[in-house]
Amino acid sequence: TEAHRTYVAARLYPRCRSATLYVGAEPIFTPGPEPVRAAGDPLRVLFYGQYVPLHGVGTIVEAAALLGRASGIEFTMIGTGPERAAATETAEARGCTHVRFEDWVPYEGLPERLRESDVALGIFGTTRKARIVIPTKVYQAAANGRAVVTGETPAIREVFTPGTHLLTVPCGDPEALAGALRQLRGDPARRRALGSAAARLLAEEFGYAVQGARLRGVLTAAFPDLAGRFAPRALVQP
């Protein structure tokens, strides 16, 4: 992100040239059929990650506790890491039987897990890093056409428009997260609209051709004497 580039340039390499190249998502993350839901089925919320402070998993568990089992919202949290044990203990202490913890799943299986969910969660940490990065999981869920809720940060607004492509809440605020999920629980049309807009954004702005042109521009500006080596070639997608 530009926020990340500015941070790195100012603190580590103040005299070097730098540029921003947004990450996007791998081609395995594409929209699929909407999950089949019957009236009264729970809202299925998915998080996956390494349980580092950046992710703010404590905020997710506290939001789940505020919502309670009767909310009709179920959480699946995939991954392991330094804050997994604390998150599990909090969920047990708060009686969060509607929160399920899983260890890692095969990476190539993540798109299907996203398609099985109604809402994907980004990051909610209050660290400095949380304010300057767009997590890969947000790009991936957006490319998959899922409704996304993540922390409100300057970085996220560089690519996504809150309210159009996803929903944002203040970082570290479980009540705000719980409120956003309640809103999406009762509004399937809004979930579909957010997911469709996000998938369209990723397809149009972060496809191979667009990303290749961006990278070519960065390399050409950095190495003008080698510009001929960065000429466009036939695009072959895997």
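The values are calculated or read from the model by the stated rules, or taken from the named source; none is laboratory data. Note that this is a predicted model, so its numbers are computed, not measured. A quick note on method: Cβ atoms are made from the backbone with ideal geometry, for glycine too, and the neighbour counts reach across all protein chains shown. Side chains included, ligands, DNA and RNA excluded: accessible areas come from the protein's heavy atoms. Shrake-Rupley method; radii C 1.70, N 1.55, O 1.52, S 1.80 Å.
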What's the total number of residues in region 1-52 that are outside any loop (DSSP other than H, G, I, E, B), over 17 Å from the mean Cα position of the chain (by Cα), of a type in the set (Lys, Arg) and within 22 Å of Arg192 (Cα to Cα)? 0
Only one of (1) of a type in the set (D, E, K, R); (2) touching a residue at least 24 places away in the same chain (Cβ under 8 Å); (3) surrounded by fewer than 21 Cβ atoms within 10 Å (Cβ to Cβ) fails for Glu152. Which number is that? (2)
Which ones in region 160-175 are surrounded by 20 or more Cβ atoms within 10 Å (Cβ to Cβ) and outside any loop (DSSP other than H, G, I, E, B)? Leu166, Leu167, Thr168, Val169, Pro174
Note on Ala63: of the conditions (1) of a type in the set (A, V, I, L, M, F, W, C); (2) over 25 Å from Ile156 (Cβ atoms); (3) modelled with pLDDT of 95 or more, unmet is (2)
Quick one: in region 77-117, of everything that is of a type in the set (Lys, Arg) and touching a residue at least 40 places away in the same chain (Cβ under 8 Å), which residue is nearest to Val148 (Cα to Cα)? Arg115
Could you list, in sequence order, the residues of region 53-76 that are part of a strand (DSSP E or B), open to solvent by less than 10 Å² (accessible area, probe 1.4 Å) and touching a residue at least 40 places away in the same chain (Cβ under 8 Å)? Ile73
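Could you identify the single residue in Gly212, Gly195 that is in contact with a Pro (Cβ under 8 Å, 6 or more places away or on another chain) and at pLDDT 90 or above?
Gly195
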Output the residue which, of all residues in region 77-101 that are outside any loop (DSSP other than H, G, I, E, B) and basic (Lys, Arg), is least open to solvent (accessible area, probe 1.4 Å). Arg84
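Taking the residues in region 199-209 that are at pLDDT 90 or above and out of contact with any Phe, Trp or Tyr (no Cβ under 9 Å at 6 or more places or on another chain) as candidates, determine which candidate is farthest from Gly145 (Cα to Cα).
Glu204
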Within region 102-133, can you find the residues that are aliphatic (A, V, I, L, M) and either buried (at least 19 other Cβ atoms within 10 Å of the Cβ) or outside any loop (DSSP other than H, G, I, E, B) (or both)? Leu110, Leu114, Val119, Ala120, Leu121, Ile123, Ala130, Ile132, Val133
Being modelled with pLDDT of 90 or more and loosely packed, with under 14 Cβ neighbours inside 10 Å is the filter; apply it to region 22-44 and report the residue that is farthest from Pro135 (Cα to Cα). Asp41
Region 1-20, subset touching a residue at least 60 places away in the same chain (Cβ under 8 Å) and either farther than 23 Å from Phe206 by Cα or in contact with a Leu (Cβ under 6 Å, 6 or more places away or on another chain) (or both), residue least open to solvent (accessible area, probe 1.4 Å): Tyr7
